[in-house]
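Just so you know, all these numbers are worked out from the coordinates, no wet-lab data involved. Note that the structure is predicted; figures quoted are calculated from it, not measured. Positions of Cβ are generated from backbone atoms using ideal geometry, with glycine treated the same way; all protein chains shown enter the neighbour counts.
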Amino acid sequence: MATFGGVMSFRLSNGTQMRIRGDFTERPSNITAATVTNQDGSIDKTITPRPYGFSATFVDEGQDFDDLLLETGINATVVEENTGKTRLYSGGQFSGEVSIDRSNGAVTGLEFDAPNRQVV
């Protein structure tokens, strides 16, 4: 039986910790695949490279989101305490359009993209 969820922590290589609130959705593959239909009805597959990564809802703790979005070459660690898994991303960067829900402090719209991913 698989175990999911539980306590998670997120830390950048410079020591910055960001609290995750609720949602953490990982992209565990560095490709996307699509089926295309040819004019004769046959099909082919196209493969497009993409970075590993994740999207998460964070807690607004006064982070400078301009700095986060401008920084490159970030190493990030996500620790899943209840499952015993650690996800390591290296050489990454944040992307997206940040929004903060002022009623509850939830930060959405951030994605983290990285060329390298390891689960230990």
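So here's what we get for this one:
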quantity: Extension gain (nm, one decimal) between E61 and A106, 0.36 nm per residue minus Cα-Cα; calculated: 15.2 nm
quantity: Distance in nm between pseudo-label sites at A33 and T3 (7 Å out along the Cβ direction from Cα); calculated: 3.2 nm
quantity: For the chain, calculated [θ]222 nm from helices alone, where every DSSP H run of n ≥ 4 adds -39500 (n - 2.57); calculated: -1000 deg cm²/dmol
quantity: Percent of C-alpha pairs per 10 Å bin, the range 8-119, short to long; calculated: 13, 41, 26, 12, 7, 1
quantity: GNM result for the chain, Cα springs below 10 Å: residue of N75, N38, N104 fluctuating most strongly; calculated: N38
